[in-house]
Amino acid sequence: MKGGIVRGLQSIGDGALKIVERIGAVVLFLGQILMHSGAILRRFPLVIREMYFAGVQSLIIILVSGLFVGMVLGLQGFETLQSYGSSESVGVLVALSLMRELGPVVSALLFASRAGSAMTAEIGLMKATEQLSAMEMMAVNPLARVVAPRFWAGVLSLPLLAALFGAMGIMGGFFVTVVMLGVDSGAFWSQMQAAVDFHHDVVNGMIKSLVFGVAVSAIATYEGYEAPPTAEGVSGATTRTVVSSSLAILALDLLLTAFMMKGWN
Amino acid sequence: MNDYVVIRDLNFGYSERPVLKGINLTVHKGGLVAIMGLSGCGKTTLLRLMGGQLQARHGSVCVAGQELNHMTESQLYALRRRVGMLFQFGALFTDLSVFDNVAFQMREHTDLSESMIRDLTLMKLNAVGLRGVQGLMPAELSGGMARRVALARATALDPDLILYDEPFTGLDPISLGVIGRLIRELNDALGATSVLVTHDVQESMKIVDYIYFVSDGVIVAQGTPDEIRASPLPFVHQFVWGEADGPLPFHYPGVALVEDFGLMVSS
Ligand SMILES: Nc1ncnc2c1ncn2[C@@H]1O[C@H](COP(=O)(O)OP(=O)(O)OP(=O)(O)O)[C@@H](O)[C@H]1O
Ligand SMILES: [Mg+2]
């Protein structure tokens, strides 16, 4: 009995230590990426190419999800606000939810599972087939040539995707509430414009998705780069990328939201 | 400074089990040296140590007069610009075409114009007989073709030291002869030094200057091709003539056969 409790505590502590260790390893890896990003401007065509793979290919899923999320927000908001007799404010609700929270968070989650996992698998396979060793032997550092362009492509793509997600969401909300439920179009837009603050809502949302972009790209490239060079190794790494990125996004969101609250200081 | 690669008392193991246990070998500048040994005896490992991809446990590896164990990363990268390596499984970049694979180092390390790069790349591909596949992706090549492209890539910048890991496997007899002569010509024309890991005894005997035999982590025999052919040592004889019976075991050391198969030995 007592042994069981001790073992239970041990495994909790062990798990916690492993998590801290992984976070540390990813942060160190991020440092290495930054150190090897010196020539990234010279390699900008590579970044563009990776942005195509990571960004453009996530585009459809981001746009469609944005539309659906916006429509659901419109429906839910309309129902709730109607009971207070202020259904014209539904535009405000849709826009603020999307700008502050759902746009950055959901697009980051989608990006992690669509593009992050692909990044991990690609780098992991390059390692398993000795392409990274071959590159080292050709005196080209894989961190600079393979990892850094993918990392920066992820960091640059995510805010753009989040912005598109938000725009699609607002259109979805507009469609459901104004076109289908008969909310006044003028009130929908004017209340939204009056309530959304550029700095506090739009810029903060962008900052969030930039941070998520750094986290997801660092985790995805780290997992690929450190994956055991076998088929199971790479598939395990891909799963870990999705799980750890999702947790990291949600945890960072809590932190960032707390920092961005108005009127705390 | 006549010795380009000097290895002294080199010890290495991946885990507890040692793979190399005190290797001594020397490659003269301009020499073409073969390393032979049974599968799994550590030949690839030895090449990786020469390229600085692995660190010796103890002992020293000197390339071009520089001790690899004491190098910083940037010194190592500077040295590697003068080293070409052919990987055992090709290791072509799967996201680049054949042409871009061969042109890779020229683009990374030189300021050559794109038309120069094109001419040089096509020359390298022509030397391995594959100018016609320049537009294909590595996944569209056969194993032997991929190996030849990798050979063109390894020699793209005319390196001073070329490390070949089994360049002959998977080649038909015609390509085999051509590639063998190409390796010799590259060595002589560029004034390069080459180390060739191979199982193909007959083919490599035709082109190399000197041969080292590795077994059980040490050099067990060495000599010029003529000396090796005439060697009275039984395992050299066995290896050169490909006989199954002899002092070299075909099986990797393991538990006794009876244990693995669960046989009872009745006496
Ligand atoms: N990455 C690794 N991790 C652990 N052990 C390894 C690793 N690579 C090779 N080994 C072990 O080291 C030994 C030597 O391997 P190496 O690849 O150098 O052999 P080799 O002589 O090149 O064989 P082959 O002729 O089949 O290519 C083998 O016994 C192998 O089990
Ligand atoms: Mg080998």
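Overview of values
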{"quantity": "From the options A:Arg7, A:Arg22, A:Arg49, residue that is under 20 Å from A:Phe212 (Cα atoms) and part of a helix (DSSP H, G or I)", "calculated": "A:Arg22"}
{"quantity": "Residue among B:Leu92, B:Leu49 that alone is in contact (Cβ under 8 Å) with a residue 24 or more places away in the chain, within 16 Å of ligand 2 (Cβ to nearest atom) and either within 13 Å of chain A (Cβ to nearest Cβ) or out of contact with any strand residue (DSSP E or B) (no Cβ under 7 Å at 6 or more places or on another chain) (or both)", "calculated": "B:Leu49"}
{"quantity": "Residue check, B:Val149 in the same structural domain as B:Lys43 (by TED's automatic domain parsing), under 25 Å from B:Arg48 (Cβ atoms) and in contact with a Leu (Cβ under 7 Å, 6 or more places away or on another chain)", "calculated": "no"}
{"quantity": "Matching residues, the stretch B:161-173, being modelled with pLDDT of 90 or more and not aromatic (Phe, Trp, Tyr)", "calculated": "B:Leu161, B:Ile162, B:Leu163, B:Asp165"}
{"quantity": "In the stretch B:7-16, residue nearest to ligand 1 (Cβ to nearest atom) [restricted to those that are surrounded by fewer than 17 Cβ atoms within 10 Å (Cβ to Cβ) and assigned to a strand (DSSP E or B)]", "calculated": "B:Gly13"}
{"quantity": "Contacts under 9 angstrom Cβ, first residue in the stretch B:183-204 being of a type in the set (D, E, K, R), partner away from ligand 1 (no atom under 13 Å from the Cβ) and in a strand (DSSP E or B), 6 or more apart", "calculated": "B:Arg184/B:Leu32; B:Arg184/B:Ser194; B:Asp188/B:Leu32"}
{"quantity": "Condition broken by B:Ser97, with the remaining ones in (1) of a type in the set (Ser, Thr, Tyr); (2) surrounded by 16 or more Cβ atoms within 10 Å (Cβ to Cβ); (3) within 9 Å of chain A (Cβ to nearest Cβ) satisfied", "calculated": "(3)"}
{"quantity": "Options B:Ala103, B:Ala139; residue that is surrounded by 14 or more Cβ atoms within 10 Å (Cβ to Cβ), at pLDDT 90 or above and among the aliphatic types (A, V, I, L, M)", "calculated": "B:Ala103"}
{"quantity": "Cross-chain or 6+ apart pairs with Cβ under 9 Å, the stretch B:165-178 first and among the acidic types (Asp, Glu), then at pLDDT below 85 and away from ligand 1 (no atom under 12 Å from the Cβ)", "calculated": "B:Asp172/B:Gly144"}
{"quantity": "Selection status of B:Arg153, within 14 Å of another protein chain (Cβ to nearest Cβ), within 16 Å of ligand 1 (Cβ to nearest atom), crowded, with 22+ Cβ neighbours inside 10 Å and part of a helix (DSSP H, G or I)", "calculated": "no"}
{"quantity": "Residue within the stretch B:135-150 that is part of a loop (DSSP other than H, G, I, E, B), touching a residue at least 40 places away in the same chain (Cβ under 8 Å) and charged (D, E, K, R) present", "calculated": "no"}
{"quantity": "Check on A:Phe68, in contact (Cβ under 8 Å) with a residue 24 or more places away in the chain, among the aromatic types (Phe, Trp, Tyr) and either within 14 Å of another protein chain (Cβ to nearest Cβ) or under 27 Å from A:Gly233 (Cβ atoms) (or both)", "calculated": "no"}
{"quantity": "Qualifying residue in the stretch A:142-151 (condition: over 23 Å from A:Ile249 (Cβ atoms), within 14 Å of chain B (Cβ to nearest Cβ), without any contact (Cβ under 8 Å) to a residue 24 or more places away in the chain and among the aliphatic types (A, V, I, L, M))", "calculated": "yes"}
{"quantity": "Candidate set: the stretch B:17-43, residues that are surrounded by 19 or more Cβ atoms within 10 Å (Cβ to Cβ), within 16 Å of ligand 2 (Cβ to nearest atom) and not hydrophobic (A, V, I, L, M, F, W, C); chosen: the one nearest to the chain's Cα centre (by Cα)", "calculated": "B:Lys43"}
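For every residue, the table says whether it meets (1) among the polar types (S, T, N, Q); (2) modelled with pLDDT under 80.
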residue: B:Ser175; (1), (2): yes, no
residue: B:Leu186; (1), (2): no, no
residue: B:Ala189; (1), (2): no, no
residue: B:Ala192; (1), (2): no, no
residue: B:Tyr212; (1), (2): no, no
residue: B:Thr224; (1), (2): yes, no
residue: B:His237; (1), (2): no, yes
residue: B:Gly242; (1), (2): no, yes
residue: B:Asp245; (1), (2): no, yes
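The values are calculated or read from the model by the stated rules, or taken from the named source; none is laboratory data. Predicted model only: the values in this text are computed from it and were never measured. Using ideal geometry, Cβ is built from the backbone for each residue, glycine included, and neighbour counts are taken over all protein chains shown.
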